[in-house]
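*Asks:* Pasting in a structure now, in structure tokens, and then I'll have a few things to ask.
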Amino acid sequence: MNTLHHVIITPSTISLDNLPVAIDACGGEMLSQVYRTKIGGYAKFFKMDTLCRLGFIASELLLQAEASERFVERDDRAVLLFNRYSSLCADRRYFATIRDKDNYFPGPAQFVYTLANIVTGEIAIRNKYYGETSFFVLPERNDEEIASIIMASASDPATHSAIAGWLDCSDDDHFEADLQLIEF
């Protein structure tokens, strides 16, 4: 397993390949700022929940660093993400729309994000990846277990690379992405 690029995002910092990425916002606003200044062109971003925004930004920074042709159909790249909170942030938002039986207004746009694996789908759809997409919810971050699962995916002869790592979000201002673009 060879790491090609590595991104870490916290509510106050971003680093790509151990170099800081300039930002002047924090929390959820930071994600919007990075989208506007470094990515753009994907209006669906503003409909996403915080977990998806975080995964989208992290994957975009990794893929921009890769400097190869983008948006070409490929079935040799996997998207393998892990976290502890599943889709808790979106779950809370959706629950607020159904909590009061006298003011019941379920939001389908919010409901869709109550599945943690939506972020893997967003990344795959955006980049035309047709390989494995999996989201694993663990009781806590365990880098050995994560590496073991990634290596199991690498045993598929059709998989040559992956966007993989830890992507967690407990609320709009508390999140962490630690993703790598790796080749096998």
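The values are calculated or read from the model by the stated rules, or taken from the named source; none is laboratory data. Note that the structure is predicted; figures quoted are calculated from it, not measured. Keep in mind that these areas ignore ligands, DNA and RNA; they rest on the heavy atoms of the full protein, side chains included. Shrake-Rupley method; radii C 1.70, N 1.55, O 1.52, S 1.80 Å.
*Asks:* With every protein chain left in place, what is the accessible area of Ser12 in Å² (1.4 Å probe, nearest 10)?
*Replies:* 80 Å²
*Asks:* Could you estimate the translational diffusion coefficient of the chain from the Stokes-Einstein equation, with Rh from the Kirkwood formula over C-alpha pairs, at 25 °C and 0.890 mPa s, in whole µm²/s?
*Replies:* Details: Rh = 16.8 Å.
Translational D for this selection: 146 µm²/s.
*Asks:* On the protein heavy atoms, probe 1.4 angstrom, tell me the percent of accessible surface of the chain carried by carbon and sulfur. Write out the running numbers ahead of the final one.
*Replies:* Numbers: 4880 of 9200 Å².
Roughly 53 percent, rounded to a whole number.
*Asks:* Under a straight-distance cross-link criterion of Cα-Cα below 23 Å, which lysines are reachable from Lys38, leaving out those fewer than 8 residues away in the same chain?
*Replies:* Lys47, Lys128
*Asks:* For a quick check: with amide H placed at 1.01 Å from N, whose amide H comes under 5 Å from Ser87's, ignoring anything fewer than 5 positions away on the same chain?
*Replies:* Ala116
*Asks:* Please list, in order along region 173-178, the HN-Hα scalar couplings obtained from phi with the Karplus expression 6.51 cos²θ - 1.76 cosθ + 1.60 (θ = phi - 60°), rounded to whole Hz, x for Gly and Pro.
*Replies:* 10, 10, 8, 8, 10, 9
*Asks:* Could you go through region 27-37 in sequence order and give the Karplus-derived ³J(HN,Hα) for each residue, using 6.51 cos²θ - 1.76 cosθ + 1.60 with θ = phi - 60°, rounded to whole Hz, and x for Gly and Pro?
*Replies:* My calculation for region 27-37 gives x, x, 5, 4, 4, 5, 5, 5, 4, 5, 8 Hz in order.
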